[in-house]
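A short write-up of the structure that comes next.
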Amino acid sequence: MIVTGKAIPKSTLDLPLALSGGANAKLADYKGRWLVLYFYPRDSTPGCTTEGLDFNALLPKFRKLGADVLGVSRDSLNSPTPFCAPPDFRFALVSDAEGKLCEAFGVVQPKKLYGREFIGIVRSTFLIDPMGRVAQAWSPVKVAGHAQAVLDALKAATSQ
């Protein structure tokens, strides 16, 4: 499990990431820059789309502060509904179909919806510093105002 203030383990930094658009990366590729890593339950759902649009709208401000943004879900690149970032998203989404990144960050947990219990992603965000440490974490996340709260935390962290 990833802990705030601690370095992300090398094994997690080296996990292969399948990005929307067909590219591949690793968390280690983002070392030296701030990274907003947000986990969301499912592509193309209202709350998840709103959250992505909120991060997308603030993306120029995140980038001005030296931060990249990645959204992560367990949706597969081969799902019947194509896994992809909406055309107006200017950041990549990560397909973690095997759940390894979700498991490493501890975001897959028991959930309840309409009385049904299941295991799923708890909407969570991690602000990772340029050294590869978790500077701040939010879980569970309420979508409204969340992207701005993360930007405010980044501003505070970069002004020190």
Practice item. May I ask for the angle, rounded to the nearest 10°, between helix 146-158 and the longest principal axis of the chain, with both axes built from Cα atoms and the value confined to 0 to 90°? Key: 20
Check your understanding: Cross-link partners among lysines for Lys61, C-alpha distance below 20 Å, same-chain residues fewer than 8 apart left out?
Key -> Lys31, Lys155
Review point. Thr50 to Ile119: extension gain in nm, 0.36 nm per residue of separation minus the Cα-Cα distance?
Key: 22.6 nm
Review point. When only the heavy atoms of the protein chains count and the probe is 1.4 Å, how do Tyr114, Tyr38, Tyr30 rank by accessible area, highest first?
Key: Tyr114, Tyr30, Tyr38
Point to revise | Between helix 46-64 and the chain: long-axis angle, C-alpha atoms, 0 to 90°, nearest 10 | key: 20
**Study point:** DSSP bridge pairs, the chain: antiparallel proportion in percent, nearest 5
**Key:** 65
Review point. Simple spin-label model, 7 Å along Cα-to-Cβ: Thr4 to Thr158 in nm?
Key: 2.1
Study note, to complete from the structure: Here the gain from full extension of Arg133 to Lys61, 0.36 nm per residue of separation minus their alpha-carbon distance, amounts to 23.8 nm
Check your understanding: Distance in nm between label sites at Lys112 and Gln148, each 7 Å beyond Cα in the beta-carbon direction?
Key -> 3.2
Point to revise | Listed candidates [x] 1, 8, 11, 9, 7, 7, 7, 7, 7, 6, 5, 4, 3, 4, 4, 3, 3, 2, 1, 1, 0, 0, 0; [y] 2, 9, 19, 24, 23, 15, 6, 2, 0, 0; [z] 2, 10, 17, 20, 18, 14, 9, 6, 3, 1, 0, 0 - label of the one calculated as P(r) over Cα pairs in 5 Å bins from 0, in percent | key: [y]
Exercise for review: For Ala25 and Lys100, calculate 0.36 nm times their separation in residues minus their Cα-Cα distance, and state this gained length in nm to one decimal.
Suggested key: 25.6 nm
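The values are calculated or read from the model by the stated rules, or taken from the named source; none is laboratory data. Not measured: the values here are computed from a predicted model. All Cβ positions, glycine included, derive from the backbone under ideal geometry; neighbour counts span all protein chains shown. Note: areas computed on protein heavy atoms with side chains; ligands, DNA, RNA excluded. Shrake-Rupley method; radii C 1.70, N 1.55, O 1.52, S 1.80 Å.
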